[in-house]
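Notes follow once the structure below has been shown.
Derivation of every value follows stated rules applied to the coordinates shown; laboratory data play no part. In this text the structure is predicted, and so the values were computed from the model without any measurement. Cβ: placed from backbone, ideal geometry, glycine included. Neighbour counts: every protein chain shown.
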Amino acid sequence: MNALLYGTVIQVSGGTPTTTTDALRDFASSRPLGIPVTVPIAIALTLVVAFFVKKTVAGRRFEGVGASDTGARAAGLVVSRFKTSAYILAALLYCCAGVLLAGIVSTPSAFQGDTYLLPSVAAVVLGGTSLLGGRGSVAASAIAALFLTQLDQLLLTSGASSGLQNLVEAGALVVGLAIYSVPWKRVRAWAPMNSRTTVKKGA
């Protein structure tokens with residue numbers, strides 16, 4: 001799907017970035033009350049999605065499908081329908097982000113969003129959502145995204161290269177995966193047994 005979208009954009013644009021409209025540029029770069037307009041939009045979307053996921057029947061069903069396909073099917077849910085709907089709803093949010101980014105950049109290229117691929121995954125993982133599926137927190141993911149953004153700004157001000165920024169984001173992703181995916185109880189239970197076995201063999 002990604003390749004198809006790239007091909008469509010390049011075909012329509014002729015491979016040459018075009019300038020966005022003045023209205024979109026003025027809106028995306030506006031600062032009401034000294035705050036970038038993207039901030040209240042992001043907060044509003046986060047609240048709407050969090051309410052939908054946690055407080056509605058449909059949202060709880062989405063979580064159920066993410067937690068266990070087998071359990072969702074046993075409860076009578078059509079898993080493929082919910083998975084397809086999740087991709088569609090996510091695409092709508094990506095579209096909102098892409099429009100705002102186009103207004104900020106003014107002359108976006110077809111590959112403008114590539115630098116956000118790794119940070120978006122890292123933010124979700126750091127927010128406590130397992131890549132293997134299960135319950136997650138929209139608010140926690142938003143806070144993790146804010147943390148990664150501030151971390152990037154710190155690296156930029158310190159003169160770090162883009163390669164180092166990618167390494168830091170990848171490291172954050174690894175830490176998040178280790179915290180939420182590794183069965184630490186089993187590791188702790190296995191470690192003392194292993195150490196005792198080593199001691200006995202040494203004795």
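Charge dipole of the chain (Cα centre as origin; +1 on each Lys and Arg Cβ, -1 on each Asp and Glu Cβ, all else neutral): 1340 debye, rounded to the nearest 20.
Taking 0.36 nm per residue of sequence separation and removing the Cα-Cα distance, the D69/I41 pair yields an extension gain of 6.8 nm. Just report the Cα centroid separation between segment 1-58 and segment 91-168, whole Å. Their Cα centres are 13 Å away from one another. Dipole of the chain computed with +1 at Lys/Arg Cβ and -1 at Asp/Glu Cβ about the Cα centre; of A110, L173, G14, farthest Cα towards the positive end is L173.
So for the chain, averaging the separation of alpha carbon pairs under 8 Å that are six or more residues apart and normalising by length, what relative contact order in percent results? Intermediate results must be reported in sequence, preceding the final value.
Working: 157 pairs, mean separation 44.2, N = 203.
That works out to 22 percent.
Where only DSSP H runs of four or more residues are counted, the chain gives -24000 deg cm²/dmol as its mean residue ellipticity at 222 nm, each run worth -39500 (n - 2.57).
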